[in-house]
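Colleague: My questions all concern the structure below.
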Amino acid sequence: MSRSPLARFTALVERRLGLHYEPEQWDELAPLLFERSASRGVEGYLSLLSSSGSEAEWRALAERLTVGETYFLRHPAQLEVLVSKVLPSLAQPGASLRVLCAGCSTGEEPYSIALLCREQGKVDPSQLRVLGIDVNPRAIAHARNARYSTWSLRSVPVALRERWFQRSSEGFFLRPALRDQVLFEERNLLEEAPAFWAPASFHVILCRNVMLYFPPEVTRKIIARMSQALVPGGYLFLGPSETLRGISEDFELLRSADAFYYRRKAPAPATAAEPARTPVPETSAKKTPGPLPLPALEGLDSLLPLLDAERYAEAWTRLEALPQAAQPQGQLLRAVLHLNAGRFAEAALAGQQLLSVRDTEASAHFLLGVCLEHSGDEAGARNRYAAAARADPTFALSHLRAGTLARRAGNVAEARVALRMALSLLPQEKPLRLTLFGGGFGRHGLMQVGLRELQACTEVP
Ligand SMILES: C[S@@+](CC[C@H](N)C(=O)[O-])C[C@H]1O[C@@H](n2cnc3c(N)ncnc32)[C@H](O)[C@@H]1O
């Protein structure tokens, strides 16, 4: 059966730009397809998009389809740890410090880094190289122009604004000293570009609030590329509602105050090309896999510290050797291990088998929700999280995920209710559930995620 023009259009958009649309969202793209195909007809337009001469049209589509919401000093806790700890820990005399903002939109994020570095004075500005890339040509032109509105500057204290911006009737112009410290390039993250992503090209990559629009297989590919482009021990910052769980095992999760971020693990010593050169700026939220002394626990409980330490392969071997492996709780642990290894089909199958057992029903719904989310079915995932919350109304994490997805779907009222519920339940959430389903964030981290999500509900215009 031949697919509808809208289905083919959305598939082309996903393949080229990474942007994923659910079938129930396809109608939103109909006016755009109608408009862009007016001069040559839909069939002609779709074959143009598949042809090699479509560059200009894809640039036009990138301008229309990407979401460029950003502002100066966004997610300040992350910027603070980047500028006051991470960058100073990486700096070496005479060597450059290379920072990439991938999906930089109109430039507020890379300029914020340059501005804070100047303010804090812990990094020599002449060492700092900040590069912003984005697929949207208009955003890149705006970034290069460096003229901003009061809305973009809404989180910048007046004293900083006075120091770093020149006011004119057309807006606030960033002062040249800062503007010239940041370079911009139009670039698609999905494009193979071996020279750009060459090993050890960057010390730090920020890719915040970009990949939440991508399906997991696209995210996996991009993260793998970024991982290799980082120096060993280099750092990756994602947006607060983005995670590497099920995406990559190349990184360890770190936390400093309210900020979560990742550090690329050093290669195993036997194959290490270059040792990690950087001291740890803060305590790890997770321990690096290695010879970690584990508390002596019996039975299934003995697996939990292994899960906390992300030693999944060991946990799997130990689980298979336990007599309790066949019990529902053992099956649940097996399903979670599948999930953490990115084996979503196996995790979903195990989740289905657990649905009828009272003790595991809520967890099974949650697990199936995570699998659906990873397959890109956010509406289906929301239903599963709601079912998990019905099976156990105290299940804070199911309210948190349901709220996050509702917010993403633009259902702000529903999101607020679910997120408030999550925040009121999280302090009492069972430690076992935090280990199994918390994605490595811990209670405090999840509270922060919930608060940020709630805050984002008020940012929606
Ligand atoms: C919501 S903005 C995030 C801006 C900034 N990182 C922040 O957190 O404030 C997402 C940006 O990702 C860019 N983007 C989306 N798909 C992309 C792709 N395939 N390649 C490069 N940039 C992309 C969009 O153009 C948009 O400017």
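The values are calculated or read from the model by the stated rules, or taken from the named source; none is laboratory data. Predicted, not measured: the structure shown is a model, and the values here were computed from it. Backbone-built Cβ (ideal geometry, glycine too); neighbour counts: all protein chains shown.
Colleague: For the stretch 68-80, state whether one or more residues are outside the structural domain of Gln448 (by TED's automatic domain parsing), touching a residue at least 24 places away in the same chain (Cβ under 8 Å) and farther than 30 Å from Asn411 by Cβ.
Modeller: Within the stretch 68-80 (the criterion being outside the structural domain of Gln448 (by TED's automatic domain parsing), touching a residue at least 24 places away in the same chain (Cβ under 8 Å) and farther than 30 Å from Asn411 by Cβ), the answer is yes, since at least one residue qualifies.
Colleague: Being without any contact (Cβ under 8 Å) to a residue 12 or more places away in the chain, in a helix (DSSP H, G or I) and either among the aromatic types (Phe, Trp, Tyr) or assigned by TED's automatic domain parsing to the domain that holds Pro328 (or both): is that true of Gly403 here?
Modeller: So Gly403 does not fit the description; no.
Colleague: Being aromatic (Phe, Trp, Tyr), within 11 Å of the ligand (Cβ to nearest atom) and outside the structural domain of Pro157 (by TED's automatic domain parsing): is that true of Trp58 here?
Modeller: Answer is yes for this residue.
Colleague: Assess whether Leu190 counts as being aliphatic (A, V, I, L, M), within 16 Å of the ligand (Cβ to nearest atom), in the same structural domain as Arg118 (by TED's automatic domain parsing) and not in a strand (DSSP E or B).
Modeller: yes
Colleague: Any chance you could count how many residues in the stretch 81-106 are in contact (Cβ under 8 Å) with a residue 40 or more places away in the chain, of a type in the set (S, T, N, Q) and within 16 Å of the ligand (Cβ to nearest atom)?
Modeller: Here the count works out to 1.
Colleague: Name the single residue that is nearest to His75 (Cα to Cα) among those in the stretch 198-209 being at pLDDT 95 or above and within 12 Å of the ligand (Cβ to nearest atom).
Modeller: Filtering first and then ranking leaves Arg208.
Colleague: Quick one: Arg64 ticks every box in (1) more than 10 Å from the ligand (Cβ to nearest atom); (2) of a type in the set (D, E, K, R); (3) assigned to a loop (DSSP other than H, G, I, E, B) bar one, so which box is it?
Modeller: Exception for Arg64: condition (3).
Colleague: Checking Ser112 against (1) out of contact with any His (no Cβ under 8 Å at 6 or more places or on another chain); (2) closer than 14 Å to Gly68 by Cβ; (3) within 11 Å of the ligand (Cβ to nearest atom), which test does it fail?
Modeller: Checking Ser112 against (1) out of contact with any His (no Cβ under 8 Å at 6 or more places or on another chain); (2) closer than 14 Å to Gly68 by Cβ; (3) within 11 Å of the ligand (Cβ to nearest atom), the one that fails is (2).
Colleague: What single numbered condition from (1) in a helix (DSSP H, G or I); (2) within 21 Å of Pro110 (Cβ to Cβ); (3) not acidic (Asp, Glu) fails to hold for Ile205?
Modeller: (1)
Colleague: Please return the ranges of strands (runs of 3 or more DSSP E) entirely within the stretch 91-171 where 2 or more residues are crowded, with 21+ Cβ neighbours inside 10 Å and under 23 Å from the mean Cα position of the chain (by Cα).
Modeller: 97-102, 128-134
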